[in-house]
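Inspection log for the structure reproduced underneath, given as structure tokens.
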Amino acid sequence: MPYTTSTLRPWCLEMGEGQKLTLILPRMDTEAITTQEWEATLRPFWKESRFLILDMPEKLVQENNGPVEFTVRELAVFVHQFLKEQGLQPDLIWGFSLGGMIAQELSVLPEMEQIPVLLVSTNAFADTTLRAVFSSWSLMTHAFGEAAFQTSLIPWIAQAGQLPILQNPTEVGAGSGDPLALAKATSSLKAVALHDARERLSRVKAPMMVLFGAESVLLHEEHAKVFRELVPHAEVLFVEGAGMRIMGDNPEVAISHVKTFYGARIV
């Protein structure tokens, strides 16, 4: 299906060869989604599913041509509307970080209640520490731009054993200079700082797996505990040797968990 955009920044991609449809909701980022990045992540599941990768914050900032106000719950509603307009019913929902927050809210909307949900490196609500972290990212971004956002992320997505990080890695550049990149960051940061899906999570009926990195600096056992308490049927697992970027940090273990979930749910 064609997804046109006025820029070179795509907000929707399709890939994969399977019969079942997985909706992918990506993490918060200034950059646009790319085929190269997602092919590397999804290639191990190529035969199990076809994938619809939907970056709703990107779509909204493009339509607004700049920053736009939205909550995580509103993002879920926009995703839901898009699926209905396209006549699509996913067989599985997979959310990463911000995308995992959207998936939590989406899971209780009409026609979505029975769709299995796979969450990676996400949280049920922004506690005081998370609000402070997201606030610091937002302050840095507003004051110094896109590159400041990307740089301030580095210690938080690293594995705990890699700290302290006392100088900027050479691969961090000045940013793309695209004003939509900055708009996407500032709009998304406000949404995640106010995220609280606890009431909705207590109503989730769908099968759920939640993956955390055992070496994550940002998310810990206390965040996993919330999912265990609110969604007792959820399988909540920690992946050893992984920080926030679980699929890249320890792909062998992460892929094994995901394949188990897929195999039991949609193949």
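The values are calculated or read from the model by the stated rules, or taken from the named source; none is laboratory data. In this text the structure is predicted, and so the values were computed from the model without any measurement. Virtual Cβ from ideal backbone geometry, glycine too; neighbours counted across all protein chains shown. For accessibility, only protein heavy atoms count, side chains too; no ligands or nucleic acids. Shrake-Rupley method; radii C 1.70, N 1.55, O 1.52, S 1.80 Å.
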What's the total number of residues in the stretch 119-136 that are buried (at least 23 other Cβ atoms within 10 Å of the Cβ) and of a type outside the set (A, V, I, L, M)? 3
Subset of the stretch 83-104 [open to solvent by 10 Å² or more (accessible area, probe 1.4 Å) and either of a type in the set (Ser, Thr, Tyr) or assigned to a helix (DSSP H, G or I) (or both)]: 84, 85, 86, 97
For a quick check of your reading of the model, give me the residue pairs whose first member lies in the stretch 205-217 and is surrounded by fewer than 22 Cβ atoms within 10 Å (Cβ to Cβ), whose second is assigned to a loop (DSSP other than H, G, I, E, B) and not small (Gly, Ala, Ser), with beta-carbon atoms closer than 6 Å and at least 6 apart or on different chains. 205/113; 206/114; 206/115; 206/116; 207/116; 214/240
Within the stretch 235-267, residues open to solvent by 20 Å² or more (accessible area, probe 1.4 Å), in a loop (DSSP other than H, G, I, E, B) and modelled with pLDDT of 95 or more come out as 240, 241, 244, 245, 250
Is there any pair with a first residue in the stretch 226-243 that is on the phi > 0 side of the Ramachandran plot and a second that is at pLDDT 95 or above whose Cβ atoms are under 9 Å apart and which are 6 or more apart or on different chains, and what are they? 241/159; 241/213; 241/214; 241/215; 241/249; 241/250; 241/253
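Being over 17 Å from the mean Cα position of the chain (by Cα) and not in a loop (DSSP other than H, G, I, E, B) is the filter here; which residues of the stretch 178-206 pass it?
Just the residues of the stretch 178-206 that are over 17 Å from the mean Cα position of the chain (by Cα), to begin with: 178-180, 182-183, 198-200, 202-206.
Passing the criteria: 179, 180, 182, 183, 198, 199, 200.
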Close pairs from the stretch 40-56: first part of a helix (DSSP H, G or I), partner among the polar types (S, T, N, Q) and at pLDDT below 95, Cβ under 7 Å, at least 6 apart: none
